[in-house]
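Encoded as C-alpha cells, here's the structure I'll be asking about.
The values are calculated or read from the model by the stated rules, or taken from the named source; none is laboratory data. Everything numeric in this text was worked out from a predicted model, so none of it was measured. Glycine gets a Cβ as well: all are built from the backbone with ideal geometry, and neighbour counts include every protein chain shown. SASA here: full protein model, heavy atoms, side chains in, ligands and nucleic acids out. Shrake-Rupley method; radii C 1.70, N 1.55, O 1.52, S 1.80 Å.
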Amino acid sequence: MRVRRIGAVVIAAAAAMAGLTACGGDSGASDKFVVGIKIDQPGLGQKQPDGSFKGFDVDVARYIAKELGYADDKIEFKEAISANRESFIQQGQVNAVIATYSITDDRKKKVSFAGPYLVTGQDILTRADDTTISGVEDLKAKKVCGAQGSSSPKRLADKFGAEWKAQYLTEQQGYGACLPLLENKQVDAISTDATILAGFAAQSPGKFRLVGQPFSEEKYGVGLKLDDKATRDKVNTAVEKMFSDGSWKKAVEANFGEFGKFFTTPPAVERY
Ligand code: GLU
C-alpha cells in the first residue's frame, strides 16, 4: 500500500510539472494562450509578410483569448498543419487548435471540441478553364491533391477505394502546397472545405474555379484537451458571445469577402 501511495504521489508530481511546463514551449511562458493555427490558408489562417496572422480562425482565437482573460500580447500563434493538430493538443504544445478543424467522432476520441463556430462543406477547386469537373463523382478518374491528416482526402479515399487512392491521390503537408501542382497540371483538382478553396480562388483571380457543389458537412470546432470540460465550457460561452454581440458577423465580412454571403447565421454550439 505504502509503495503504491508513494508511486501515486510521484505520478501526481510529474503530472503537475507537466502541467506547469505545458504550452510554455521554448518561450517558457505558461501565462500565454498558445493557439495552433494554419499559416497558408487565405481568409482563415495566413501568415503575413510582417509575421502576424490574419483570417477568420485568427479572429476567433483572439476573441476567445480575450474572453478567457488573456491580453492581446499574451496570445501566441503556433503553426499547425492538418496532421499535427491532435498531437499538438495531446502533448500540451498548445492550449487550443483553431485551424479549420472539423469536429469528427474519430478525433473526439483523442481531443475535445468547443463550438462549432462555422459550418462549411467539402468542395472542389479546378483550373478555371477545366470544364470536366462539376461534382464529386467526376473525381473518380481525376488526380486530386489533399493534405495529410485531413478528413477531406480520407472522405474521397473511402468513397472511391484503395486503388483510386494509390493511383489518383497526392497528399501534401498543407493545401497551399497543392496549388502549384494544380496550376502545373500535375493534379486536376484540390478537394477540401469550400472556405479554404474560396480563399485560394480569391487570391488568384481568373486562375481557379470553385465548383460549388459541397458534399459534406464540416463543423469547425476549437480543439481542446480531451478531459478539460471546464475550459471547453468557457470557450463555448465565448463563442456564443462572439455570435451574439456582432463580432462573428464582423469577422465573416472582414475575412471572406464575396464568399461571406454563405455565412448569414452562426451555427448552434454543441455542448457536452
Ligand atoms: N476541415 C477538414 C479537416 O479538419 C479539412 C481542412 C483541414 O485539413 O484543415 O480535416
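Rounded to the nearest 500, what is the chain's calculated 222 nm mean residue ellipticity when only DSSP H runs of at least 4 contribute -39500 (n - 2.57) each, over all residues?
The helix contribution divided over the chain gives -10500 deg cm²/dmol.
Evaluate segment 52-107: find the radius of gyration of its Cα atoms, find its Kirkwood radius, and give the ratio Rg to Rh.
Details: Rg = 11.7 Å, Rh = 12.2 Å.
Radius of gyration over Kirkwood radius for segment 52-107 works out to 0.96.
Please work out the average accessible area per residue across the chain, using the 1.4 Å probe convention, and give it in Å². Don't jump to the answer; show the numbers that get you there.
Numbers: 13250 Å² over 272 residues.
Accessible area per residue: 49 Å².
Identify the residues of segment 117-134 with backbone N under 12 Å of a label point that sits 7 angstrom from the Cα of Glu163 along the Cα-to-Cβ direction, or state none.
Within reach of a label on Glu163, which here means backbone N under 12 Å from a point 7 Å along Cα→Cβ, segment 117-134 contributes nothing.
Follow-up question, since we're still on this one. Among Ser134, Ser82, Ser204, which one shows the highest mean-square fluctuation when the chain is modelled as a Gaussian network with alpha-carbon springs under 10 Å?
Greatest mean-square fluctuation among the candidates belongs to Ser204.
Also, I was wondering about something else. By a straight-distance test (C-alpha under 20 Å), which aspartates and glutamates pair with Lys54 as possible cross-link partners, with residues fewer than eight away in the same chain excluded?
Straight-line reach from Lys54, under 20 Å: Asp40, Glu67, Asp72, Asp73, Glu76, Glu79, Asp193, Glu253, Glu258.
What does the convex hull of the Cα atoms of the chain come to per residue, in Å³, rounded to a whole number? Intermediate values should be presented prior to the final figure.
Details: hull volume 41.0 nm³, N = 272.
For the chain, the hull spanned by Cα atoms encloses 151 Å³ per residue.
For the chain, modelled as a Gaussian network with Cα springs under 10 Å, which listed residue fluctuates most, Thr100, Thr192, Thr231?
Maximum fluctuation in the GNM of the chain, among the listed residues, is at Thr231.
Take the solvent-accessible surface of the protein heavy atoms, probe 1.4 Å, and return the percent of it on segment 110-255 that carbon and sulfur atoms account for.
Numbers: 3050 of 6370 Å².
Of all accessible area on segment 110-255, carbon and sulfur atoms account for 48 percent.
Additional query: Which loop-located trypsin sites (Lys or Arg not before Pro) does segment 104-136 contain, where loop means any DSSP state but H, G, I, E or B and the Cβ has at most 15 other Cβ atoms within 10 Å? Don't skip to the answer; put the middle values down first.
On the way: sites: Arg107, Lys108, Lys109, Lys110, Arg127; in loops: Lys110.
Filter output for segment 104-136: Lys110.
Can you compute the modelled spin-label distance between Ala230 and Phe262, with each label point 7 Å from Cα toward Cβ, in nm?
3.9 nm
Longest segment of the chain with no GluC sites (Glu not before Pro) in a DSSP loop having at most 14 other Cβ atoms within 10 Å? Intermediate results must be reported in sequence, preceding the final value.
Values: sites that count: Glu217, Glu270.
Longest gap between qualifying sites, sites excluded: 1-216.
Further question on the same structure: Keeping to pairs on different chains or 8 or more places apart, tell me how many lysine pairs in segment 161-261 have Cα atoms under 26 Å apart.
Pairs that pass both the separation and distance tests number 20.
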